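Step one of this worksheet: look at the structure below.
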Amino acid sequence: MAAPGPTLDYERACWAGGWIRVAGVDEVGRGALAGPLVAAAVTLPCCTGWDLRRLRAVLGGVRDSKLLTPEARVEAMGVILTAADAVAIGMVDADEVDTIGLGVANRIAMERAIDALPGDPHALLLDAFLVSHDLPQIGLIGGDARCLSIAAASIVAKVTRDRIMTEAHRADPRFGFAEHKGYGTAAHLRALAVHGPGPIHRRSFAPVARWANGAVPCP
C-alpha cells in the first residue's frame, strides 16, 4: 500500500485561526556542488466544503518532489501554478553561497521567495527550518511529505532549479549538468578532475575546493 500523501491539515488549522494566506516554503540544492539554491513559496486558496474537496482532488498527485519522476514533477508544477493563489521563487547563486555560507544562504533563499509573493502572507509553513520573519511560522520535520503547500513548493523549486541547470549545461556541457543537476555524482567528480571548476561551481565546497585551490586537473 502506498504511503499517504501530504494533507491540508496544517493549512486548515491556520485558516481556522484566521491566517488566511498561508505560504508553504521549501528549497532545493543544498547538497549540490554547483548552481544556485532555489526556494519556492506557494499559497493555496483558503476554502471549505466542496471547494476544499476539489482542491484536494486537483492536487492529488502532489508529493514530496524527491518521490516524483522528472516528468511527473513538471506535470504537477503545471497543476500547482493553476490551482495556487500565489507562487514565488527566491534564489541564492553559487558565489553568494560561497560568501555567506550554506546555512545563511538557505534561510535567505526562502526569505526571498516569501518576500516575492504578491501580498504578504499571514503565516508560514516551512520544511524543517525557520526564517527571520515576524510572521507566525511552523517548521515541520519532513514537511514536504506531510503538508500539501510545502510539497507544492518543493516541486516548484525543484523544477525551476532543474531548468536552470539544464540551461547551464547548454552553456557549458563539460560537466554534464543536465544529467546530475550539479550534485556530486561520480561523473561530475570526474569532470571536475579533468576540467577544474567552472563559473557556477561552489568553491567553498570541499570536492570543488580541491581543484579550485591549486590542484592540477588531470590531463
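The values are calculated or read from the model by the stated rules, or taken from the named source; none is laboratory data. All values reported here derive from a predicted model rather than from experimental measurement. Quick reminder, even Gly has a Cβ in these numbers, built from the backbone with ideal geometry, and neighbours come from all protein chains shown.
Tabulated data for the structure shown
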| read-out | value |
| --- | --- |
| Among the candidates A84, A76, A109, residue that is over 30 Å from D172 (Cβ atoms), in contact (Cβ under 8 Å) with a residue 40 or more places away in the chain and small (G, A, S) | A84 |
| Condition met for I164 (within 30 Å of A57 (Cβ to Cβ), modelled with pLDDT of 95 or more and assigned to a helix (DSSP H, G or I)) | no |
| So R161, is it in contact with a strand residue (DSSP E or B) (Cβ under 7 Å, 6 or more places away or on another chain), surrounded by 21 or more Cβ atoms within 10 Å (Cβ to Cβ) and within 28 Å of T69 (Cα to Cα) | yes |
| Of residues in the range 127-152 being in contact with a Cys (Cβ under 9 Å, 6 or more places away or on another chain) and of a type in the set (A, V, I, L, M, F, W, C), the one farthest from G61 (Cα to Cα) | I138 |
| Restricting the range 113-128 to residues that are in contact with a strand residue (DSSP E or B) (Cβ under 6 Å, 6 or more places away or on another chain) and surrounded by fewer than 18 Cβ atoms within 10 Å (Cβ to Cβ), the residue that is farthest from G143 (Cα to Cα) | P118 |
| Of the criteria (1) closer than 12 Å to L148 by Cα; (2) surrounded by fewer than 21 Cβ atoms within 10 Å (Cβ to Cβ), which one S65 fails | (2) |
| Selection from the range 52-63 of residues that are outside any loop (DSSP other than H, G, I, E, B) and without any contact (Cβ under 8 Å) to a residue 40 or more places away in the chain | R53, R54, A57, V58 |
| Filter result for G90 (of a type outside the set (S, T, Y) and surrounded by fewer than 21 Cβ atoms within 10 Å (Cβ to Cβ)) | no |
| Looking only at the range 73-103, and only at residues there that are over 23 Å from P45 (Cβ atoms) and small (G, A, S), the one that is farthest from the chain's Cα centre (by Cα) | G101 |
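Here's the yes/no breakdown for (1) at pLDDT below 95; (2) aliphatic (A, V, I, L, M); (3) under 18 Å from A128 (Cα atoms); (4) crowded, with 23+ Cβ neighbours inside 10 Å:
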{"site": "E11", "(1), (2), (3), (4)": "no, no, yes, yes"}
{"site": "V25", "(1), (2), (3), (4)": "no, yes, yes, yes"}
{"site": "L33", "(1), (2), (3), (4)": "no, yes, no, yes"}
{"site": "G60", "(1), (2), (3), (4)": "yes, no, no, no"}
{"site": "E71", "(1), (2), (3), (4)": "no, no, no, no"}
{"site": "A83", "(1), (2), (3), (4)": "no, yes, no, no"}
{"site": "E96", "(1), (2), (3), (4)": "no, no, no, no"}
